[in-house]
Amino acid sequence: MKRHALLIGLGLALVLVFLGNAANFYRIGLIHKLDDILYDYRLRLTMPNKADHRIVILDIDEKSLKEEGRWPWSRDRLALLMDKLFDSYGVAVVGFDVVFAEKDESSGFKVLQELGRSQLKDVPQFHSALAQIRPQLDYDNLFAGKIRNRKVVLGYYFTNSAKDAEKSISGALPEAVFQPGTFKGRPVGFLRWDGYGGNLPELQQSAASAGHFNPLVDQDGEVRRVPMIAEYDGGYYEALSLAVVRTLLSGAKLSPGFATSKNANYAGLEWLDVVTAQGALRIPVDRDVSTLVPYRGGRGSFRYLSVADVLHDRVPQAELNNKIVLVGTSAPGLMDMRSTPVAAVYPGVEIHANMIDGILNQDLKHKPPYLLGAEVMLLLITGVVLSLILPLLSPVKATLLALLALATALAGNLAIWHFAGLALPLAGGVLMILGLFALDMSYGYFVEARTKRQITGLFGQYVPSELVDEMSKNPEQVSMEGDSREMTILFSDVRGFTSISEKLDAKELTLLMNEFLTPLSRVIYKHRGTIDKYMGDCIMAFWGAPLPDPEHAKHAILAGIEMQQKLRELLPHFKERGWPEIHIGVGINTGRVSVGNMGSEVRVAYTVMGDAVNLASRLEGITKQYGAGVVVGENTKNAVPDFIYRELDLVRVKGKDKPVAIYEPLGLAGQVDKAALDELKLFHQVLKLYRKQDWEQAELQLYNLQRMAPESVLYQAYAERVAYFRGNPPGADWDGVFVFQTK
């Protein structure tokens, strides 16, 4: 035991790291990200793939927009919809996943009033007729009358986005389900908001109830939970799904459920009860008073009906009779789409449908606050046992014990999920077991200094010291001999370097070159790249050799983006020294190439050759044509799906017959702002129209894009192409490819 004291101590230290994360003393992003991934996998593995037939989604879909016009529709159409749903179809309850925040003045009543006040103020017949038709033209009041005394639940939203909370308040809120002071003295972690977007007061007063439709969006952009109760200005407000259930049950009482605890810091709110004469429906909540969404399956698990079909009596009465109807949208243009564990693009209204299904059928997973303590205890016991026993075992027995511990953790967690309905965190335990095993296997292992010196001598001029260290630990993976492998190649070049060099003397030009090549080279090293060579103002680098790199394409893209950022940081310094502004283009391509020592008996160099290298160079050369800082080939884009890309074009570069698609990486998914995503979506529509030779629509959308980004080289280039093709149509056999005649 003494002989292994250091290893045991290191193992216990590793256990403490995981315990600190589990106890929320600090946050290790990798563990939480893996926990989300494992949660999603368990969810998809165990979801029933069938939904409650009582719940129907009335969809404001593309068909409805085409028949009824763009949203929002006039309220007289919605009033008609209410009559059809309740009188013709006999629905049980209607919930709106939309908000009616603005008055409807589409009837022209306001214009008639103004006419009566100005030009026809002395015409009593006009005023008499106007008074008679007013009820038919006041669409908001008409709609309010149609939802009054019916089981209609409106939707609204909370917000914390505005700097001035008063500016973010509109419309009216329903009565709070719990009044201020209800939870006084209890440290309940309600989500608090400082603003809201509610419905018109006359509509809110006429509705049976209302609920917020704010989901909780996790750091990876996915919706896994919905806050059942949210706090605003001291009052407590229910979610749309909960409001629909309570309205369905004729206003069933909502009661908070507290667990007893001697710990004063434990709020104890673990569930909500929807109490009826027949019993109670229990809704488990976590420390944020949120509930895990019980996804029943992928998108479309619930019955969808088009609103247009209901308005035009194309739906059989049995389809909606006594059903719970949720009115929402799946039309992409209305922006109510979410990312979820079961689908990357998922209608928000279907999230509410899943919640209602889970509440009514009492099929909800629970992640109560006390699970934190349970996870800490499991990690402590498992970690201490493995830390003490693994060092005493042979490699084979240690491997078997680690596998047994891992299998037990996975099976136990899945059993708790299935039989107890508890979402116990899993990633911490899995990573801790793997970490302890890796520590045990690597303990005592070291690489002789001579091996490291040899590796450094061979590759020190090409790669960063961190990679040299890695290669010295696995010298068998390193070879100078020629090899064929998939790699990613990067070329960067200064735009207009000839004119820049003519403005500086030799000494100043040398200083400038060193000033920008050094930080850009460090960026390449930072992202595990190998610098092949400098060719004047050009840098050639590659990823995937001499050490294999499974993420070579991702590292190259990150390097290219950071090179642009680094150069922008250098420009103020260049300006202070009187140097001209420098801008670079970066071309990146992935493909199979030959790598190794190449040259002659006189001189050799470790380099890459192949068609993929040539294409990377061509991509760098055409960056300026699109005003893009970084351009990547299609292979690179496909190898790194966790980036958001703008497709730039389908091109045929000089020296290649086969066209290639080229893209501009905008950033990692989840880190690109909504405005950029909206602009990207619009440009991709332009590309479709351009390739379909729909010049008029393409020109219209490009005009919108140029208004958003007047200085965009890309939009200007396409505008010029479209203008040319209008007068010179390319013909029916045109493949949409743009041909470059120069390098």
Original post:
In segment 225-253, how many are part of a strand (DSSP E or B) and buried (at least 22 other Cβ atoms within 10 Å of the Cβ)?
Top reply: 7
Original post:
Do any residues in segment 57-69 that are among the basic types (Lys, Arg) have Cβ atoms under 6 Å from those of residues that are surrounded by 14 or more Cβ atoms within 10 Å (Cβ to Cβ) and not in a strand (DSSP E or B), where the two are at least six apart or on different chains, and which pairs are they?
Top reply: Lys63/Ala308
Subject >> Filter result (over 42 Å from the mean Cα position of the chain (by Cα), at pLDDT 80 or above and more than 16 Å from Lys575 (Cα to Cα)) within segment 497-518 >> reply: Asp505, Lys507, Thr510
Original post:
Has segment 641-654 got at least one residue that is free of Cβ contacts under 8 Å to residues at least 12 places away in the same chain and either more than 15 Å from Phe738 (Cβ to Cβ) or surrounded by 13 or more Cβ atoms within 10 Å (Cβ to Cβ) (or both)?
Top reply: yes
Subject >> Test set (1) touching a His at 6+ places or on another chain (Cβ under 9 Å); (2) closer than 29 Å to Gly421 by Cα; (3) among the small types (Gly, Ala, Ser) - Gly348 fails condition number >> reply: (1)
Subject >> Selection count, segment 190-211, where residues are in contact with a helix residue (DSSP H, G or I) (Cβ under 7 Å, 6 or more places away or on another chain), within 28 Å of Pro368 (Cα to Cα) and not small (Gly, Ala, Ser) >> reply: 1
**OP:** Give the residues of segment 703-736 that are of a type in the set (A, V, I, L, M, F, W, C) and either in contact with a Phe, Trp or Tyr (Cβ under 6 Å, 6 or more places away or on another chain) or more than 18 Å from Arg646 (Cβ to Cβ) (or both), sorted by residue number.
**Re:** Leu705, Leu714, Val722, Ala723, Phe725, Ala732, Trp734
**OP:** Go through segment 47-163 and tell me which helices (runs of 4 or more DSSP H), entirely inside it, have 1 or more residues that are β-branched (Val, Ile, Thr) and at pLDDT below 90.
**Re:** 109-117, 124-137
Subject >> Residue list for segment 503-548, filter: touching a Phe, Trp or Tyr at 6+ places or on another chain (Cβ under 7 Å), under 24 Å from Met487 (Cβ atoms) and not in a strand (DSSP E or B) >> reply: Leu517, Arg528, Gly529, Asp537, Pro546
**OP:** Select from segment 178-203 the residues that are in contact with a Pro (Cβ under 7 Å, 6 or more places away or on another chain) and either surrounded by 22 or more Cβ atoms within 10 Å (Cβ to Cβ) or at pLDDT 95 or above (or both) and list them in ascending order.
**Re:** none
Subject >> Failed item in (1) over 28 Å from Pro284 (Cα atoms); (2) touching a residue at least 12 places away in the same chain (Cβ under 8 Å), with Lys367 passing the rest >> reply: (1)
Original post:
Can you spot a residue in segment 24-39 that is touching a strand residue (DSSP E or B) at 6+ places or on another chain (Cβ under 8 Å), part of a helix (DSSP H, G or I), modelled with pLDDT of 90 or more and surrounded by 19 or more Cβ atoms within 10 Å (Cβ to Cβ)?
Top reply: yes
**OP:** For segment 209-222, indicate whether the set of residues that are buried (at least 21 other Cβ atoms within 10 Å of the Cβ) and either among the hydrophobic types (A, V, I, L, M, F, W, C) or without any contact (Cβ under 8 Å) to a residue 40 or more places away in the chain (or both) is non-empty.
**Re:** yes
Original post:
Which one of these does Tyr606 not meet: (1) under 22 Å from Ile500 (Cα atoms); (2) in contact (Cβ under 8 Å) with a residue 60 or more places away in the chain?
Top reply: (1)
Original post:
If you take the residues in segment 289-310 that are aliphatic (A, V, I, L, M) and assigned to a strand (DSSP E or B), which one is surrounded by the fewest Cβ atoms within 10 Å (Cβ to Cβ)?
Top reply: Leu305
Subject >> When residues of segment 655-684 are limited to those that are of a type in the set (Val, Ile, Thr) and more than 19 Å from Ser492 (Cβ to Cβ), the one surrounded by the fewest Cβ atoms within 10 Å (Cβ to Cβ) >> reply: Val672
**OP:** Select, from Ala353, Ala318, the only residue that is in contact (Cβ under 8 Å) with a residue 12 or more places away in the chain and among the small types (Gly, Ala, Ser).
**Re:** Ala353
**OP:** Give segment 355-376 a look and list any residue that's closer than 30 Å to Met82 by Cα and out of contact with any strand residue (DSSP E or B) (no Cβ under 9 Å at 6 or more places or on another chain), or say none.
**Re:** Asn361
Original post:
Taking segment 603-640 as the search range and keeping residues that are among the charged types (D, E, K, R) and more than 24 Å from the chain's Cα centre (by Cα), which one is surrounded by the fewest Cβ atoms within 10 Å (Cβ to Cβ)?
Top reply: Arg603
Original post:
Can you find even one residue in segment 698-713 that is of a type outside the set (A, V, I, L, M, F, W, C) and in contact (Cβ under 8 Å) with a residue 40 or more places away in the chain?
Top reply: yes
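The values are calculated or read from the model by the stated rules, or taken from the named source; none is laboratory data. Quantities reported herein were computed from a predicted structural model and do not represent experimental measurements. Quick reminder, even Gly has a Cβ in these numbers, built from the backbone with ideal geometry, and neighbours come from all protein chains shown.
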